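I have placed the structure first, in the form of structure tokens, so that the comments after it can refer back to it.
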Amino acid sequence: MNDVVSHKCPNCDGPLLFDPEKQQFHCEYCLSKFTEQDILTDQFAEKQENLQETKEKTFNLYHCPSCGGEVVTNDTTAATFCYYCHNPVVLTDRITGDFLPNAILPFKISKDDAQKKFLNWAKGKKFIPSGFFNKQQIEKLTGVYFPYWNVDATTKGKATAKATKIDIWRVGETEYTRTRRYDIIRNGTISFKALLKNALSKNDKQNMIESVQPFPVEDVQEFHSQFLSGFQAEKRDIEFTSLHQEVNEELSHFTKDVLLNDVYGYTSVTRQQSKTKIIDQSNLYLLLPLWLITYQDTKTKKVYYYAMNGATGKVSGILPIKKSKLFSYALLIGAALAGLLLAGGYLIF
């Protein structure tokens with residue numbers, strides 16, 4: 001199969017597609033649009049020193065098993081749709097060998113239910129542009145399996161602290177204060193479950209996706225590629241070795257907090273020394289489900305992102321505001337207040 005080159009979206013790094021009718025390039029992921037001049041500007045062009053590296057990068061081509069068409073993917077795509085017959089395509093070499101997921105949490109919320117939940121969530125907000133609710137926009141809701149590392153661990157720790165109890169009372173006109181000081185020592189063995197770490201480097205919406213956690217990882221199932229059919233999926237490109245130190249620091253921090261969080265009944269508690277040790281740890285590569293949708297404001301060109309936990313329905317996102325609606329509402333409130341003030345003044349005089 002010959003090497004291929006793909007132009008990337010400057011905003012989200014997704015593939016750019018050409019629109020013959022509008023003579024523009026557009027990104028189906030973040031909905032950004034660009035002219036040919038935009039692509040050629042210094043802001044979006046590759047720097048000269050990176051040209052050779054860019055030439056060496058290739059996109060894999062796959063044959064659709066249904067129609068035989070060629071499917072172009074980027075480096076982390078594990079499941080997508082054929083551009084010709086629109087049938088779901090699973091790229092098996094992306095989910096086998098070292099990249100075989102240990103488990104998968106299947107979608108529990110259908111696309112129809114996700115759309116209803118999205119509309120119910122959005123319609124409860126005010127000043128939303130009407131175009132946000134049209135059928136074409138809602139149908140862009142896409143189910144995606146994202147890669148995560150799931151960490152279960154057992155730690156052992158010891159923490160010390162200084163504490164005080166201060167009692168104040170009065171006898172007649174005399175005030176008495178008693179201060180008692182304590183040395184606190186806490187030892188314990190603690191188990192942690194489902195510490196999730198993002199395993200996709202291009203996942204720049206990680207804060208939004210983290211806000212729809214937790215995922216019910218206790219419901220994960222043995223991975224089978226059939227679960228991916230009809231959805232998009234991403235392959236991990238972050239190995240656990242690069243996260244090892246960060247995870248250990250988090251586990252150490254959590255252990256210290258757990259040991260001293262149950263210290264109560266004192267006027268003040270000052271932490272002193274602590275020691276922690278990880279005595280057992282398991283790291284599993286999981287695929288977790290999310291429903292995603294984007295909306296681009298036609299005037300400001302700002303892109304808004306929305307995510308829903310594909311298992312629990314928990315949502316996260318920032319909705320656009322139509323300023324004309326907000327302005328009209330403010331004028332209406334202002335007119336109503338002015339009417340009340342005039343009426344009040346008329347009654348007074």
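Read the figures in this text as sums done on the coordinates, not as results from a lab. Note that the structure is a prediction, hence the values are computed from the model and not measured. Here the Cβ is made from the backbone with ideal geometry for all residues, glycine too, and neighbour counts use every protein chain on show.
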Env charge @ LYS277, Cβ radius under 14 Å, K,R +1 / D,E -1, value +2
Expected unfolding gain across GLU139-GLN226 under the 0.36 nm per residue rule, minus the alpha-carbon gap, is 29.0 nm
If each K or R counts +1 and each D or E counts -1, the residues other than LEU100 whose Cβ falls under 13 Å of its Cβ total 0
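Can you tell me how much longer the chain between GLN281 and HIS244 gets when fully stretched, taken as 0.36 nm per residue apart minus their C-alpha distance, in nm with one decimal?
12.2 nm
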ARG178 and LEU100 label points (each 7 Å along its Cα→Cβ direction) are spaced in nm at 6.8
Taking a label point 7 Å from the Cα of LYS22 along Cα-to-Cβ, the residues of the stretch 290-312 whose backbone nitrogen sits under 16 Å from it are 294-304
Descending packing, highest mean Cβ count within 10 Å first, for 247-259, 145-157, 180-192 is 145-157, 247-259, 180-192
Neighbours of ASN261 by Cβ distance under 13 Å: Lys/Arg at +1, Asp/Glu at -1, summed charge +1
So the FRET efficiency between CYS85 and SER201, C-beta based with R0 = 35 Å and rounded to 0.05, is 0.65
For the stretch 95-332 the mean separation of alpha carbon contacts under 8 Å (6+ apart) over residue count, i.e. relative contact order in percent, is 37
